[in-house]
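The values are calculated or read from the model by the stated rules, or taken from the named source; none is laboratory data. Just so we're clear, the structure is a prediction, and the values are computed from it rather than from any experiment. Glycine gets a Cβ as well: all are built from the backbone with ideal geometry, and neighbour counts include every protein chain shown. Remember, those area values only see protein heavy atoms, side chains included, never the ligands or the DNA or RNA. Shrake-Rupley method; radii C 1.70, N 1.55, O 1.52, S 1.80 Å.
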Amino acid sequence: MRTIYAIVFSLILFTSCNNGKDQRIIPPSNGNINNLLVVVDNLLWDDSVGETIRDVVAAPVPALSQEEPLFSLNQMPPMVFDGFATKNRIILKIEKGGEAGTVIKNDVYARPQTVAVISGKTDQEIKDQLEKNGDKIIAAFKKEELKENQRRIRISLMDDKPLEESLGVKLNFQTAYRIAKQDKDFFWIRKDIPTGTMDIMIYEVPLSTIKKGDSTIIDIVRMRDSIGKAQIPGPVEGSYMITEAAYTPYLSETTIDGKPAYETKGIWDVKNAFMSGPFINYAIEDKANNRYVVIEGYVFAPSVEKRNNIFELEAIMKSIKIK
């Protein structure tokens with residue numbers, strides 16, 4: 001009987017190892033959102049290599065109302081990089097002694113995971129690789145963290161049927177949020193946090209509202225200011241949300257739901273009141289319906305860090321699907 005069991009077990013094992021797929025048993029990754037583990041020798045970390053690492057992956061997040069790093073860094077020397085530490089979701093490894101290069105790997109020690117390995121024979125070669133490939137490394141880490149944020153969001157989803165029926169869009173956002181206002185084709189979605197609120201606005205405007213060219217950012221600011229005046233009142237009579245005039249927003253082009261979109265990051269303000277914070281706005285071109293679908297997230301949380309709040313809003317907004 002034992003012989004029969006052994007044969008059956010061997011057949012199962014043989015089949016599982018020959019189905020053309022990676023059969024490694026990889027444990028799940030862990031870590032807080034935007035926490036980056038840096039594996040580098042202590043001497044390098046305390047010298048100019050460490051300075052370059054911090055300059056690249058801990059540079060200030062653009063368009064926040066206070067300075068915060070792209071990633072929170074935890075440093076560890078290679079000799080103790082083992083066991084639980086290897087399960088961090090995003091890892092930057094510095095390897096001195098080999099040929100100069102930058103390699104980005106996935107699911108090396110855990111799943112999901114992104115590991116960037118920087119190598120060089122000298123300190124200068126390592127620093128050159130960091131500076132040359134910094135944008136690529138940051139983009140890879142952000143992509144991993146965005147996926148993780150969206151996974152967590154999907155655990156407990158709010159019913160988005162009102163959005164689908166009114167605007168023809170679907171959006172993944174948690175039950176911790178609520179639809180605070182619905183006015184024709186405008187939605188104001190809010191989440192209370194201990195220090196303030198996290199908010200999302202969704203609406204549509206004609207394609208003619210935003211012109212491509214030098215006036216694009218002016219058109220977007222004018223659009224969001226008119227919406228703020230009409231829909232987002234401030235705490236005192238005659239106050240409403242506007243774009244901070246003293247801070248020029250960042251404008252870039254991106255793709256959302258397979259459609260071209262403008263990404264605008266800046267600081268919002270409240271006219272006639274002392275309130276402000278960061279916002280991120282996506283104007284998504286929907287040619288099929290002759291409109292821009294505009295979705296914006298902003299945070300009000302005085303005197304506290306807001307990086308992860310705005311990143312959660314970005315993860316929600318990038319889940320949008322336009323019918």
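Worth pointing out:
- In segment 179-209, the residues that are touching a strand residue (DSSP E or B) at 6+ places or on another chain (Cβ under 6 Å), free of Cβ contacts under 8 Å to residues at least 24 places away in the same chain and among the basic types (Lys, Arg): 190, 191
- Within segment 281-314, if we keep just the residues that are aliphatic (A, V, I, L, M) and surrounded by fewer than 22 Cβ atoms within 10 Å (Cβ to Cβ), the residue that is nearest to residue 198 (Cα to Cα) turns out to be 301.
- Restricting 82, 46, 55, 41 to those that are of a type in the set (D, E, K, R), in contact with a helix residue (DSSP H, G or I) (Cβ under 7 Å, 6 or more places away or on another chain) and open to solvent by 30 Å² or more (accessible area, probe 1.4 Å) reduces the list to 41.
- Cβ-Cβ contacts under 6 Å between residues 6 or more apart (or on different chains), taken from a first residue in segment 49-65 that is over 22 Å from residue 120 (Cα atoms) to a second residue that is in a helix (DSSP H, G or I), are listed as 61/307.
- Strands (runs of 3 or more DSSP E) contained entirely in segment 175-251, each with at least 3 residues that are polar (S, T, N, Q): none
- Any hit, segment 106-128, residues being over 30 Å from residue 294 (Cβ atoms), in a loop (DSSP other than H, G, I, E, B) and touching a helix residue (DSSP H, G or I) at 6+ places or on another chain (Cβ under 6 Å): yes
- Note on segment 219-237: among residues that are of a type in the set (Val, Ile, Thr) and at pLDDT below 95, the one that is least open to solvent (accessible area, probe 1.4 Å) is 232.
- Single match in 136, 142 (criterion: open to solvent by 50 Å² or more (accessible area, probe 1.4 Å), farther than 23 Å from residue 298 by Cβ, of a type outside the set (S, T, N, Q) and under 24 Å from the mean Cα position of the chain (by Cα)): 136
- Residue within segment 109-123 that is open to solvent by 60 Å² or more (accessible area, probe 1.4 Å), acidic (Asp, Glu) and on the phi < 0 side of the Ramachandran plot present: no
- Scanning segment 240-262 for residues that are surrounded by 18 or more Cβ atoms within 10 Å (Cβ to Cβ) and closer than 22 Å to residue 322 by Cα yields 256, 261, 262.
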